[in-house]
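Structure first, then comments.
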Amino acid sequence: MRKPILTIFYQYNPWNKTIGGIQTLINIFIKYAPQEFVVRLVGTGDPQKEKIGKWHTKEFAGRELEFFPLFALKDDNVRSLIPTTIKYTAALRKYCFTSDFMHFHRLEPTLVTRHWQGEKTLFIHNDIQTQMQTVGNKKAILWRRFPAAYFALEKSLVGQFNQILSCNTDAAEMYRQRYPSIADRIAYIKNSFDNEIFYAWDRERTEAEKSQLIKQLGLHEQTRFILFAGRLHPQKDPLLLVRALAAMQEPSVHLLIAGDGELASPLTAEISRLGIEQQVTMLGAVAPNELAKLHRISHTFVLSSAYEGLPLVVLEALACGTPVVTTRCGETPKLLATDSGIVCEERTPDAIANALRKVVLHPENYPQESCIRTAQPYAARTVVKDVYNDMFSRWQQHYQSPILV
C-alpha cells in the first residue's frame, strides 16, 4: 500500500539560516512527520547547491525530504523590490503538484491551485484584521495598501480549502463570521515549539554559560540580558524596543538582537542616535540550537510587535524557562500567566521599559517552573502527532488503508 503524500508550499530553503515563525513551524512538521508519510517541500533554492525546477531527495533533521526548489533565491531573509510571494506564485504556474495533502502558508500561491485535486489546508499565521488596520509603514506589507483587494482575493479563494487553521483564536472567529458557509472548516490550531531543542538548563549550567558570553562580549559581570529574536521588520518593531531600552536607563541591562531584515540599517542608526551602542549586540540570524542557548541565559524575552498570531519564539522562550514581555497583540496575552510574563497595555517605550524593569530586576516573581508549565501544552511532538494522526485517519477512510499507530 502506498504512503500518503504531503506537499508543503512556502518560499524558503530549510537548510538556510532562515528567520520566521512560518519557516520554524514547517521545519517542525517535516522533522516530526511519521514515516508513514512521504513529505515534500516546494521551496526556493541556490543554483550553486541544487538544480532549480527538479525534485531532490535530501535529508533534513534526520528525516528524508523530497525538495523542489521552484526558483533561485539565495537569501530568503531579505526582501526584494518584487515581493517573493509574487515570484513564488508566478513560478508555481508552470507546475501541478497535486498531492493527497497540500499545506499552504500564504494565500497568494493558491491562485494557481484551485483546480488541483487533493486535501488543501491554509494556515493563517497572523490576526489579518489587525494587520490590515495597523498604522505605520504600509510598504511593510504590500496588501495593507490595498486591503479591499486582499479580502476580495481571499473571498474568491477560500472555498477551495478543506481546512483553514489559525493559531490565533480571534482570527479564527473572524474567518467564521466572514465566511459562514465554510465555518465548519475553520479551526484554531496550537502553534508548537521543538521540545528537543528548546528546554531549560539547571541553574549552575545557565550561570556558567551566561558568564562565558559576558566575558566574550567584554561586559560587566553583573550584566543582565534581554533577548529579541525575529525578523527586523516593521511588524516586529525593533525600533520601539531599542527606544524602550534607552528609556529603562539601566546600564547593567544588555539587549541581544538575533535576527536580520530590512530594518537592520535603520536599527543600527537608531541605536547610535540613542547612544546605547554599548548596551546592544546585533547577532544576525542564528541557528536554533544557538537561539535556545540565548533564551536560557536571558532574564527575559521581549516581543514589541504591532500584530501577531502566536509567535513560536514566545513558546521557545517559555520552554527554556524564560519569562516574556509582550505588547498586547496576537495570542500571547491569552497564554501568559502573571508569573510567566507581562503584557504591556500600551505600545510605548515607557510602558515596555517599565515591564522589562519589573522582570529583569525581580526574577524571583517569574520562576522557571511557571514559564515551562505555560509552554508545555504546545510541545511539538504532541501537537504535530495529533495533526498527522487526523490526516492519516481521513486518508484511511478514503483509501481503506491500515491504521497509523
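The values are calculated or read from the model by the stated rules, or taken from the named source; none is laboratory data. Note that the coordinates shown come from a computational prediction; the quantities given were computed from them, not determined experimentally. Glycine also receives a Cβ, built like all others from the backbone with ideal geometry; neighbour counts cover every protein chain displayed.
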(message) Quick check on residue 184: is it surrounded by fewer than 20 Cβ atoms within 10 Å (Cβ to Cβ) and modelled with pLDDT under 95?
(response) no
(message) When you scan the range 262-273, do you find a residue that is outside any helix (DSSP H, G or I), in the same structural domain as residue 300 (by TED's automatic domain parsing) and within 25 Å of the chain's Cα centre (by Cα), even just one?
(response) yes
(message) Suppose we filter the range 275-287 for residues that are surrounded by fewer than 17 Cβ atoms within 10 Å (Cβ to Cβ) and part of a helix (DSSP H, G or I); how many remain?
(response) 2
(request) Considering (1) within 22 Å of residue 340 (Cβ to Cβ); (2) within 15 Å of the chain's Cα centre (by Cα), say which one residue 285 fails and leave the rest. (result) (1)
(message) Condition first: touching a residue at least 40 places away in the same chain (Cβ under 8 Å), outside any strand (DSSP E or B) and touching a Lys or Arg at 6+ places or on another chain (Cβ under 9 Å). Now tell me which residues in the range 208-230 satisfy that.
(response) 209, 210, 213, 230
(message) Within the range 329-345, does at least one residue satisfy the condition of being farther than 24 Å from residue 372 by Cβ and touching a helix residue (DSSP H, G or I) at 6+ places or on another chain (Cβ under 8 Å)?
(response) yes
(message) So, in the range 180-207, exactly how many residues are touching a Gly at 6+ places or on another chain (Cβ under 8 Å), part of a loop (DSSP other than H, G, I, E, B) and closer than 22 Å to residue 309 by Cα?
(response) 1
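Determine, yes or no, whether residue 2 is closer than 24 Å to residue 108 by Cβ and among the charged types (D, E, K, R).
Details: closer than 24 Å to residue 108 by Cβ: no; among the charged types (D, E, K, R): yes.
Criteria not met by residue 2.
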(request) Could you tell me which numbered condition residue 222 fails, if it satisfies all but one of (1) at pLDDT 95 or above; (2) in the same structural domain as residue 373 (by TED's automatic domain parsing); (3) among the polar types (S, T, N, Q)? (result) (1)
(request) State all residues of the range 323-341 that are β-branched (Val, Ile, Thr) and either surrounded by fewer than 16 Cβ atoms within 10 Å (Cβ to Cβ) or in a loop (DSSP other than H, G, I, E, B) (or both); if no residue qualifies, say none. (result) 338
(request) Mind counting the residues in the range 149-179 that are among the aromatic types (Phe, Trp, Tyr), farther than 26 Å from residue 380 by Cα and part of a helix (DSSP H, G or I)? (result) 2
(message) Please go through (1) of a type outside the set (Gly, Ala, Ser); (2) at pLDDT 95 or above; (3) within 20 Å of residue 19 (Cα to Cα) for residue 310 and return the number of the only condition it doesn't satisfy.
(response) (2)
(request) Scan the range 351-389 for residues that are closer than 30 Å to residue 187 by Cβ and among the polar types (S, T, N, Q) and report the count. (result) 5
(request) Name the residue, out of 380, 319, that is modelled with pLDDT under 95, under 19 Å from the mean Cα position of the chain (by Cα) and of a type outside the set (Lys, Arg). (result) 380
(message) Looking only at residues that are in contact (Cβ under 8 Å) with a residue 12 or more places away in the chain, assigned to a helix (DSSP H, G or I) and among the acidic types (Asp, Glu) in the range 342-399, which one is nearest to residue 234 (Cα to Cα)?
(response) 350
(message) Yes or no: the range 243-259 includes at least one residue that is modelled with pLDDT of 95 or more and under 23 Å from residue 83 (Cβ atoms).
(response) no
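Condition check ((1) outside the structural domain of residue 117 (by TED's automatic domain parsing); (2) at positive phi; (3) in a loop (DSSP other than H, G, I, E, B)) across all residues:
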site	(1), (2), (3)
41	no, no, no
53	no, yes, yes
57	no, no, no
81	no, no, yes
94	no, no, yes
